[in-house]
1. Please work out which residue is farthest from the chain's Cα centre (by Cα), limiting yourself to region B:79-104 and to residues that are closer than 14 Å to A:ALA74 by Cα and surrounded by fewer than 20 Cβ atoms within 10 Å (Cβ to Cβ).
2. Among the residues of region A:47-73 satisfying the criterion of being surrounded by fewer than 18 Cβ atoms within 10 Å (Cβ to Cβ) and of a type in the set (Val, Ile, Thr), which is nearest to the other protein chains (Cβ to nearest Cβ)?
3. Give me a count of the residues in region B:132-146 that are at pLDDT below 90 and of a type in the set (A, V, I, L, M).
4. Quick one: is A:SER111 at pLDDT below 90 and either outside any loop (DSSP other than H, G, I, E, B) or under 30 Å from B:GLU191 (Cα atoms) (or both)?
5. For region B:127-153, give me the residue count where each residue is in a loop (DSSP other than H, G, I, E, B), touching a Lys or Arg at 6+ places or on another chain (Cβ under 8 Å) and surrounded by fewer than 15 Cβ atoms within 10 Å (Cβ to Cβ).
6. Considering every residue within region A:29-40, establish whether at least one is at pLDDT 85 or above, buried (at least 16 other Cβ atoms within 10 Å of the Cβ), facing chain B (nearest Cβ under 8 Å) and touching a Gly at 6+ places or on another chain (Cβ under 8 Å).
7. Restricting region B:159-184 to residues that are under 22 Å from A:LEU118 (Cβ atoms) and free of Cβ contacts under 8 Å to residues at least 40 places away in the same chain, which is nearest to the other protein chains (Cβ to nearest Cβ)?
8. For region A:96-119, enumerate the residues that are more than 7 Å from chain B (Cβ to nearest Cβ) and buried (at least 18 other Cβ atoms within 10 Å of the Cβ).
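The values are calculated or read from the model by the stated rules, or taken from the named source; none is laboratory data. Everything quoted here is computed from the prediction, not taken from an experiment. Positions of Cβ are backbone-derived with ideal geometry, glycine not excepted, and every protein chain shown enters the neighbour counts.
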Amino acid sequence: MWAHRPPPASEVSGSDAAGRLVRPFALTGGRTRPSRADFTLITTVTAVDPPPERASRPQPEQTRILRRCRRPVAVAELAALLDLPVSVVVIMLCDLLEAGLITAHPPHPVSRTPELDLDLLQKVRDGLGRL
Amino acid sequence: MAGSDPAVRAAPVAPDTVKILIAGGFGVGKTTMVGSVSEIVPLRTEEPLTAAGLDVDDLTGIEEKAATTVALDFGRITISERLVLYLFGTPGQQRFWFMWNDLAVGALGAVVLIDVRRPEASFAAVDFFERRDIPFVVGVNGFHGQHPYPPDEIRESLALPEHVPVLLCDARERESSRDVLIALLDRLIAEAGAAAR
């Protein structure tokens, strides 16, 4: 028969502090943190077309990103398509955003206070119903 | 959803995005569920990890190879031209919980998937969402679609309150996985509606 779930132990075993990601430095000029917190996994980014005249010539990796986001694409999808860690892609996106070469569209805000957006939930539910 | 892929739209207007987590223990069928409802083949990103943090938790059943990166599988459902839902499978091993915290931020809610043969693999996931007050439903994934236990028995063994739906499902089947997601949305809608009154 089934095992029974034991009562919750004390708070999660300290892994938040212990399990920090290593961010590869090669593509990011040695910086270890994004300069902006503008990018979540489901933030959508879009290349600015045409690019601003004052923009400096993008690096090859930046060009790869710009090519992938001619249409809006989520950060997680971009990372998967480029086969790069999200943390690396985000740092490059920060540079592109600062250079005015992309726009970033944040996710739909989700707040439980006071309550989730009923209209949004109904839209998602209707969409699932059509699957 | 043929024809509504954002990639083939004429005007590049960014859609609003929302996400739901598909959580549960290692190997309970999370990526299978993501894949059965996603309009794209599930995508994967891999994050490199430090050696620190690798020896702090239970390593049972984890191949040595998996100790260097943590993979995240996800899928996409285009709800409309203006709204896209992403489904993220949470990394199964408890030592990757630091990623769950990040993933949980901004999520509508979660599905906790349970392998009917070893429910204990998902106990930690139930605890995670209960502690953080993130609404979830439980999907009991039958082995080869077989369900030897009724939902009430499973609810009891998980010590779940009445308001948490428990659904028997087959993560390989699109309709079955969709119905689990719809149950989550119904719970969210009921709670939002109750709060609004």
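1. Going through region B:79-104, the residues closer than 14 Å to A:ALA74 by Cα turn out to be B:82-88.
Still in the list and also surrounded by fewer than 20 Cβ atoms within 10 Å (Cβ to Cβ): B:82-83.
Values: B:ARG82: 23, B:LEU83: 19 Å.
Taking the candidates together, the pick is B:ARG82.
2. A:VAL48
3. Counting residues in region B:132-146 that are at pLDDT below 90 and of a type in the set (A, V, I, L, M) gives 0.
4. Details: at pLDDT below 90: yes; either outside any loop (DSSP other than H, G, I, E, B) or under 30 Å from B:GLU191 (Cα atoms) (or both): yes.
Against the criterion (at pLDDT below 90 and either outside any loop (DSSP other than H, G, I, E, B) or under 30 Å from B:GLU191 (Cα atoms) (or both)), A:SER111 qualifies.
5. As a first pass, look at region B:127-153 and keep what is in a loop (DSSP other than H, G, I, E, B): B:132-135, B:142, B:144-145, B:147-150.
Add one more test, that the residue is touching a Lys or Arg at 6+ places or on another chain (Cβ under 8 Å), and what stays is B:133, B:135, B:145.
Now drop any that are not surrounded by fewer than 15 Cβ atoms within 10 Å (Cβ to Cβ), which leaves B:133, B:145.
Within region B:127-153, residues that are in a loop (DSSP other than H, G, I, E, B), touching a Lys or Arg at 6+ places or on another chain (Cβ under 8 Å) and surrounded by fewer than 15 Cβ atoms within 10 Å (Cβ to Cβ) number 2.
6. The first filter runs over region A:29-40 and keeps only residues at pLDDT 85 or above, leaving A:39-40.
Filter once more, keeping what is buried (at least 16 other Cβ atoms within 10 Å of the Cβ): A:39-40.
Filter again for facing chain B (nearest Cβ under 8 Å), leaving A:40.
Filter once more, so that each one left must be touching a Gly at 6+ places or on another chain (Cβ under 8 Å): A:40.
Scanning region A:29-40, I find at least one residue that is at pLDDT 85 or above, buried (at least 16 other Cβ atoms within 10 Å of the Cβ), facing chain B (nearest Cβ under 8 Å) and touching a Gly at 6+ places or on another chain (Cβ under 8 Å), so the answer is yes.
7. Taking region B:159-184 and keeping what is under 22 Å from A:LEU118 (Cβ atoms), we get B:163-165, B:178-184.
Next cut, free of Cβ contacts under 8 Å to residues at least 40 places away in the same chain only: B:163-165, B:179, B:182.
On the way: B:HIS163: 15, B:VAL164: 12, B:PRO165: 14, B:ASP179: 9, B:ILE182: 5 Å.
The selected residue is B:ILE182.
8. Of all residues in region A:96-119, those more than 7 Å from chain B (Cβ to nearest Cβ) come to A:96-104, A:106, A:109, A:111-113, A:117, A:119.
Within region A:96-119, A:LEU96, A:LEU97, A:LEU101, A:ILE102, A:ALA104 meet the criteria.
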